[in-house]
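The values are calculated or read from the model by the stated rules, or taken from the named source; none is laboratory data. Being a predicted model, the structure only gives us computed values, none of them experimental. Cβ: placed from backbone, ideal geometry, glycine included. Neighbour counts: every protein chain shown.
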Amino acid sequence: MITLTHYLVLTGILFSIGLVGVMRRTNLLMLFFSTEILLNAINVGFVAVSKYYNDLSGQLFAFFIIAVAASEVAVGLGLLILWYKRNGSVDLNSLQMMKG
Amino acid sequence: MYEMIAFYVFAALTIGMFGIVVTSRNALYAMSALAGGMIFISGFFFILDAEFLGVVQIVVYSGAIMALYAFGMMFFDTTRDVSEKMRSKKIAYSLSIASAVLIVTILGVPLAGENMQAFYPNMEGVGNIQMIGVVLFTKYLVPFELAAIMLLVAMISGIVLASKKMDEYLAIEDEEIEDVKEGR
């Protein structure tokens, strides 16, 4: 029988995979992918808690997280394209100089 | 029994896919693996009786977000391998310790909150989608509207940022168009 602990362990594993990605990536596009993994992992956790505690709030919170992820991608990718046009690179090290 | 098989299959597939996303040096492989992982995540939602969220996951993540990434990748040089340099060992160690503490906290919180009460318990004979509609449009109406405004702002900012010169083209005067037509 699959219990809540199974899902929470899975959530922890997926979240740590995302954290590893955030730590070791220096390409900004790859960093975006890792943040998507983080958001997805938390969504699984929310829905599992919602199911096992018989409460809908978790599902609705996951729903809003998906909306936030969609807008994050739209704004972030726009900024990334702008940065690439200006600098020719989406590497994190190119962002170290904070000058226009 | 079937639930168990489905859980383990989807768990293995999701972890494998996301592992490829994190470790692959090719941006295109990483993006494809991420799209696959998103689809498999929706499998968990279907197992957990959250049909609405499963469909939303497929539509929004695999449809909208992945299409947006694929569109954005047209601007970047994706054939080149992504360069990665590990600089400081100290930062890596302290960050892994912090993430380990974070994971223990995530796993420990439900044990601490053993006496949780359901605010919106499921009704008998009402489907998941209907129930989400009822709760979303009564208790969560204001956050829902705020999310709508946020998505609108994100859409406008995405259009403005990605197409930098669009406002200039839109502001072309009629005479200038005539000039272009006549080759002046």
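Quick grid of which residues meet (1) in contact with a Phe, Trp or Tyr (Cβ under 9 Å, 6 or more places away or on another chain); (2) hydrophobic (A, V, I, L, M, F, W, C):
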| site | (1), (2) |
| --- | --- |
| A:L31 | no, yes |
| A:L38 | yes, yes |
| A:A41 | yes, yes |
| A:K51 | yes, no |
| A:S57 | yes, no |
| A:A69 | yes, yes |
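Table: residues versus (1) charged (D, E, K, R); (2) more than 10 Å from chain A (Cβ to nearest Cβ); (3) under 14 Å from B:V9 (Cα atoms); (4) surrounded by fewer than 24 Cβ atoms within 10 Å (Cβ to Cβ).
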| residue | (1), (2), (3), (4) |
| --- | --- |
| B:A30 | no, no, no, no |
| B:L34 | no, no, no, no |
| B:I39 | no, yes, yes, yes |
| B:E51 | yes, yes, no, yes |
| B:V56 | no, no, no, yes |
| B:V60 | no, no, no, yes |
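Hey, could you check region A:20-35 for residues that are among the hydrophobic types (A, V, I, L, M, F, W, C) and within 7 Å of another protein chain (Cβ to nearest Cβ) and say which is surrounded by the fewest Cβ atoms within 10 Å (Cβ to Cβ)? Spell out the reasoning first.
From region A:20-35, those among the hydrophobic types (A, V, I, L, M, F, W, C) are A:20, A:22-23, A:28-33; that's our starting set.
Restricting the remaining residues to those that are within 7 Å of another protein chain (Cβ to nearest Cβ) gives A:20, A:23, A:29-30, A:33.
Details: A:V20: 20, A:M23: 17, A:L29: 22, A:M30: 24, A:F33: 24.
Ranking the qualifying residues of region A:20-35, first place goes to A:M23.
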Taking the condition of being surrounded by 17 or more Cβ atoms within 10 Å (Cβ to Cβ), more than 7 Å from chain B (Cβ to nearest Cβ) and among the β-branched types (V, I, T), how many residues in region A:66-97 meet it? 0
Confirm whether A:I17 is under 12 Å from the mean Cα position of the chain (by Cα), within 23 Å of B:I159 (Cβ to Cβ), at the interface with another protein chain (Cβ under 7 Å from one of its Cβ atoms) and part of a helix (DSSP H, G or I). no
Does region B:131-150 contain at least one residue that is modelled with pLDDT of 85 or more, under 22 Å from A:L79 (Cβ atoms) and either touching a strand residue (DSSP E or B) at 6+ places or on another chain (Cβ under 9 Å) or within 7 Å of chain A (Cβ to nearest Cβ) (or both)? yes
Quick one: what pairs do we get from region B:84-100, first residue within 9 Å of another protein chain (Cβ to nearest Cβ), second part of a helix (DSSP H, G or I) and at pLDDT below 75, C-beta under 8 Å, 6+ apart or different chains? B:M86/B:A92
Based on this model, can you work out whether A:L38 counts as in a helix (DSSP H, G or I) and either at the interface with chain B (Cβ under 7 Å from one of its Cβ atoms) or over 30 Å from B:A12 (Cβ atoms) (or both)? no
